[in-house]
Amino acid sequence: MSATSYLGKPTSRVDGRAKVTGAAKYAAEYGVPGLAHGFVITSAIAKGRITRIHTGDALAVDGVLDVFTHAHRPRMAAAHEKYGDDIAPPGAPLRPLHDDRIRFSGQPVALVVAEEAETARYAASLVRVEYERQAHVTDFEAQRGRAAVVKTGGEGHSHRRGDAKKAFAQAPVRVEAEYRMAVEHHNPMEMFGATAVWEGDGRITVYDKTQGPLNARDYVANVFAMPLEKVRVLSPYVGGGFGSGLRPQYELPLAVLAARALKRSVQVTLTRQQMFGLGYRAGNIQSLALAADRDGRLASFRHEFIGMTSQFEDFQRDYVTWSSLLYTCPNATLVQKLVKLDQNTPCDMRAPGGAEGLYAIECAMDELAYAANLDPLALRLINYSDKDQIEDRPYSSKALRECYRQAAERFGWSKRNPQPRSTKEGSELIGWGMATGIWEAMQLPASARAVLSADGNLEIASATADMGPGTYTMMAQLAADMLGVPLDNVTAKLGDSALPDAPVEGGSFTTSSVGSAIHAACRAVQKELLRLAQRAARSPLAGAKLDDVVFADGMIRRKDGSAEASLADAMRAGKVDRIEKEASTKPNEKSKYAHYTHSAVFAEVRVDEQIGVIRVTRMVSAVAAGRILNPKLAASQILGAVVGGIGMALHEETATDHRFGRYMTHNLADYHVPAHADVHAIDVIFVEEKDDEINPLGVKGVGEIGIVGTAAATANAIYHATGKRVRDLPITIDKLMRD
Ligand code: MOS
């Protein structure tokens, strides 16, 4: 193995030093000359109209530059479509400061801009907004009767096969239950912020907290009717996203609006409280009815999902189809519905669709296992599906059986006493539960550029983002490995709309998408290097094809080891001092296979019944996700996602006061996320899975697969510990102690 072989090795983050020393700047950390600061004022009511905004007192404050409102702002696009973005759901997107209409509590209604951030914040407290209130509807439970099927593009289609109702009635083993999940907010550590730099020549450069610099650039260009080449959006470092940065958030247009009006640079940062007015994971109610024969073979699967959306956009993901990917069942009725509420539109959050649907599916499967008197793992194996029954396609690869086997073995599942409440230690009941995870292995069109210089340095660039998973590292190590140059010689560039096109960073598809483009760009550089090397008189590589050589240790080597030439020699022979190649790749749309990642999750909980405290003491997650380029960073992805799953199971909940239609838990004291004391041993296993069909790299991508199934495994373990089935996430002390 050569010294420049990096793939599959546990490489540390190339941006680690910049992160821990603070050299990595976030969107609101760019101090440019003459920078002014904006503070946003948000709506105090959930529905109605603004009748008047009194800005006089704020404007009189020394240092205040202006107060922008719907009645006082520069020109912005009128048409809703101009505010749409790459991944906007169908509907009429929010137009910040556009008119007097209030659609949700927390909607931006004014922006105070001052020389100093503190001045802007103080002056904002002097602005008085008068409203004409209208009756709002935010109580999801009360509105569930109005849930309706909404077909939006490819999402949310109901599915029926066979006769699930009849099969249910005739089956000997049946379970029926309703599951709930609270609204959750992403809460990345970095606040949403934008620094709009006024370039003075008609161009604007924005540092924005975004998972998609191109998506953000296009949005600004559309909203302000600017040519694309006049707008540049950068997000070189992102302090967490979890989906909240996929769509442009309102700090972006507000910073640009003020910069254009004042003809100077403006920074806008939201507060933690204001971030609760952004998109969220939709709360939901899921009704499941499962039936099986006496051997545990599924006969009927019914799943109705009711989610929530805003009055102005229909947001939904695929919530109910997953069971048809995992379990063979001849009869299924799968339906998803939406309730429209006077609140902001939900947005993607940590495995949207899968994390919600699989929670209920995997808890219902656990309940079915008890009803059928079967081990929960055995029930999954009895019903294991080798094909996607919705599209009727086999999988390109599916090492889920191996996930179950390895995770169960590591966890010690065979020693489990099936009886709930059977294990106690001191005052604590101990329970073991498991669940299955599945997530799409997506790939989107992407481009990348590779530039190799004669001094041996390599630059690799793509307009993707790195919100924390380690995209810089993936890009650098992949390029280094392919061209056989030391990792230290490689610079990865991303988070800049001026770089080659890439999709938003999300959906666990960055490595498959951007990685494939890097692979193609580096292949092109390889080809050029070989061609140049063969120009030399008596080239040791004469007649060799690309497949006959390897690139390693700065050399192009014949695979049989008989001859080699250095990259530097090749460039000298070709009389060039740099080789630049750009490549674009797209997914194989003609594929006859279904592409998914899988996981098996096993959880141990300890529950002190006297005080209701639940601790997740042990978690094993075995993941099959094709080729793992960097086991260290991939494992970190799964660890983080498992922590998110523990949060979903036990902690995270955004509570609304329906009198005001307003989120009340809008800070990190009231909105609980797992802290160190909540997280114990988490064991991550990557199961070997070779998939040549999916893309030349064999990469499926990881991240979200770590959360899917985790909440269900935890909930199932709590049932096993206590004999009490709480079907309402998060499982808090009060719910566990309630009779
Ligand atoms: Mo992810 S929810 O696609 O950022």
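Anything in region 1-19 that is surrounded by 13 or more Cβ atoms within 10 Å (Cβ to Cβ) and among the hydrophobic types (A, V, I, L, M, F, W, C)? List them, or say none. If the condition is that a residue be surrounded by 13 or more Cβ atoms within 10 Å (Cβ to Cβ) and among the hydrophobic types (A, V, I, L, M, F, W, C), then LEU7, VAL14, ALA18 are the ones that fit. Among the residues here, PHE242 qualifies as of a type in the set (A, V, I, L, M, F, W, C) and at positive phi.
Filtered by the rule that a residue be hydroxyl-bearing (Ser, Thr, Tyr) and farther than 30 Å from ALA570 by Cα, region 433-470 gives THR436, THR464. Residue count for region 586-600 satisfying the condition of being polar (S, T, N, Q) and under 22 Å from the mean Cα position of the chain (by Cα): 2. The listed residues are VAL183, VAL127, VAL150, VAL137, and the only one of them that is in contact with a helix residue (DSSP H, G or I) (Cβ under 7 Å, 6 or more places away or on another chain), of a type in the set (A, V, I, L, M) and more than 30 Å from ASP62 (Cα to Cα) turns out to be VAL137. With the structure loaded, tell me whether VAL220 is part of a strand (DSSP E or B), more than 15 Å from the ligand (Cβ to nearest atom) and in contact with a Leu (Cβ under 9 Å, 6 or more places away or on another chain) or whether it fails that test. Here the answer is no, as VAL220 does not meet what is asked. Within region 668-702, restricting attention to residues that are outside any loop (DSSP other than H, G, I, E, B) and closer than 30 Å to PRO587 by Cα, the residue that is farthest from the ligand (Cβ to nearest atom) is ILE685. Considering region 497-552, and only residues there that are among the β-branched types (Val, Ile, Thr) and more than 30 Å from THR597 (Cα to Cα), the residue that is nearest to the chain's Cα centre (by Cα) turns out to be VAL525.
One line per residue, one yes/no per condition, for (1) in contact (Cβ under 8 Å) with a residue 60 or more places away in the chain; (2) within 30 Å of ASN667 (Cβ to Cβ):
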{"residue": "TYR593", "(1), (2)": "yes, no"}
{"residue": "VAL605", "(1), (2)": "yes, yes"}
{"residue": "GLY612", "(1), (2)": "yes, yes"}
{"residue": "ARG618", "(1), (2)": "yes, no"}
{"residue": "ALA625", "(1), (2)": "yes, no"}
{"residue": "SER636", "(1), (2)": "yes, yes"}
{"residue": "VAL643", "(1), (2)": "no, yes"}
{"residue": "ALA649", "(1), (2)": "yes, yes"}
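Filtered by the rule that a residue be closer than 17 Å to GLU528 by Cβ, within 27 Å of the chain's Cα centre (by Cα) and assigned to a helix (DSSP H, G or I), region 458-487 gives a lone residue, ALA479. Examine region 253-263 for a residue that is of a type outside the set (Ser, Thr, Tyr), within 16 Å of the ligand (Cβ to nearest atom) and out of contact with any strand residue (DSSP E or B) (no Cβ under 8 Å at 6 or more places or on another chain), and state whether such a residue exists. Checked region 253-263: no residue is of a type outside the set (Ser, Thr, Tyr), within 16 Å of the ligand (Cβ to nearest atom) and out of contact with any strand residue (DSSP E or B) (no Cβ under 8 Å at 6 or more places or on another chain).
Note on region 279-303: residues that are surrounded by fewer than 21 Cβ atoms within 10 Å (Cβ to Cβ) and touching a Leu at 6+ places or on another chain (Cβ under 8 Å) total 1.
Selection of region 245-269 for residues being closer than 18 Å to ASP201 by Cα and assigned to a helix (DSSP H, G or I) yields ALA255, VAL256, LEU257, ALA258, ALA259, ARG260, ALA261, LEU262. ALA92 satisfies every condition listed in (1) among the hydrophobic types (A, V, I, L, M, F, W, C); (2) farther than 16 Å from LEU341 by Cα; (3) surrounded by fewer than 19 Cβ atoms within 10 Å (Cβ to Cβ); (4) modelled with pLDDT of 95 or more except (2).
Against the definition (surrounded by fewer than 24 Cβ atoms within 10 Å (Cβ to Cβ), within 16 Å of the chain's Cα centre (by Cα) and within 16 Å of the ligand (Cβ to nearest atom)), how does GLY212 come out, yes or no? No: the conditions fail for GLY212. Hey, could you check region 304-316 for residues that are assigned to a loop (DSSP other than H, G, I, E, B) and surrounded by fewer than 24 Cβ atoms within 10 Å (Cβ to Cβ) and say which is nearest to the ligand (Cβ to nearest atom)? Here the answer is ASP314. When region 490-516 is limited to residues that are under 16 Å from ALA583 (Cα atoms) and charged (D, E, K, R), the one that is farthest from the ligand (Cβ to nearest atom) turns out to be LYS493. I'd like to verify a number: residues in region 522-564 that are surrounded by fewer than 17 Cβ atoms within 10 Å (Cβ to Cβ) and in a loop (DSSP other than H, G, I, E, B), how many? Here the count works out to 14. Scanning region 178-200 finds one or more residues that are aliphatic (A, V, I, L, M), under 30 Å from ALA292 (Cβ atoms) and either within 16 Å of the ligand (Cβ to nearest atom) or crowded, with 23+ Cβ neighbours inside 10 Å (or both). Applying the criterion of being within 17 Å of the chain's Cα centre (by Cα) and in a loop (DSSP other than H, G, I, E, B) to the residues of region 270-282, the residue that is nearest to the ligand (Cβ to nearest atom) is GLY279.
Among the numbered conditions (1) more than 16 Å from the ligand (Cβ to nearest atom); (2) in contact with a helix residue (DSSP H, G or I) (Cβ under 8 Å, 6 or more places away or on another chain); (3) more than 14 Å from GLY296 (Cα to Cα); (4) basic (Lys, Arg), the only one that ARG350 does not meet is (1).
Just checking, does region 471-483 include any residue being surrounded by fewer than 19 Cβ atoms within 10 Å (Cβ to Cβ) and within 30 Å of THR195 (Cβ to Cβ)? Scanning region 471-483, I find no residue that is surrounded by fewer than 19 Cβ atoms within 10 Å (Cβ to Cβ) and within 30 Å of THR195 (Cβ to Cβ), so the answer is no.
Looking at ILE718, ILE705, just one residue is crowded, with 24+ Cβ neighbours inside 10 Å, within 16 Å of the ligand (Cβ to nearest atom) and in a helix (DSSP H, G or I), and that residue is ILE705.
Of the strands (runs of 3 or more DSSP E) lying entirely inside region 88-199, the ones with 1 or more residues being under 33 Å from the mean Cα position of the chain (by Cα) are found at 108-114, 159-161, 173-181, 193-198.
Condition check ((1) away from the ligand (no atom under 16 Å from the Cβ); (2) within 20 Å of the chain's Cα centre (by Cα)) across all residues:
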residue: THR654; (1), (2): yes, yes
residue: ALA711; (1), (2): no, yes
residue: THR722; (1), (2): yes, no
residue: ASP728; (1), (2): yes, no
residue: LEU736; (1), (2): yes, no
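Scanning region 565-585 for residues that are touching a Lys or Arg at 6+ places or on another chain (Cβ under 9 Å) and part of a loop (DSSP other than H, G, I, E, B) returns GLY574, LYS575.
The values are calculated or read from the model by the stated rules, or taken from the named source; none is laboratory data. The shown structure was predicted, so the numbers you read here are calculated from the model rather than taken from an experiment. So basically every Cβ, Gly included, is an ideal-geometry build from the backbone, and we count neighbours across all protein chains shown.
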